[in-house]
């Protein structure tokens, strides 16, 4: 990550997909509002689940066509962890 933000964001849209090997739908962020601007993601690069005891944190690497964003969700509270150059 080139830019470390650790700033609260708002997720304004979620997209759902079902993997062939899974029975349940999985939700992914589709749009976020950060610093008064809305960003639309076109690709989920990676999703991580981190569990420490009873605590569960989800990390998402999302791509908007230009920039890679790492998002963190814990108890429905979203944070932009950082950004990096796109692929």
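The values are calculated or read from the model by the stated rules, or taken from the named source; none is laboratory data. Keep in mind that what you see is a predicted model, and the values were worked out from it rather than measured. Note: ideal-geometry Cβ built from the backbone for every residue, glycine included; neighbour counts use all protein chains shown.
Does residue 83 qualify as being touching a residue at least 24 places away in the same chain (Cβ under 8 Å) and under 14 Å from residue 3 (Cβ atoms)?
Yes; evaluated as a whole, the condition is true for this residue.
Residue-wise test of (1) part of a loop (DSSP other than H, G, I, E, B); (2) modelled with pLDDT of 95 or more.
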| position | (1), (2) |
| --- | --- |
| 21 | yes, no |
| 45 | no, no |
| 51 | no, no |
| 61 | no, yes |
Which of the residues spanning segment 23-43 are assigned to a loop (DSSP other than H, G, I, E, B), modelled with pLDDT of 90 or more and loosely packed, with under 12 Cβ neighbours inside 10 Å? 35, 36, 42
Looking at residue 70 and the list (1) touching a residue at least 60 places away in the same chain (Cβ under 8 Å); (2) assigned to a loop (DSSP other than H, G, I, E, B), which single condition is not satisfied? (2)
Within segment 1-19, track down each residue that is assigned to a loop (DSSP other than H, G, I, E, B) and under 20 Å from residue 38 (Cβ atoms). 9
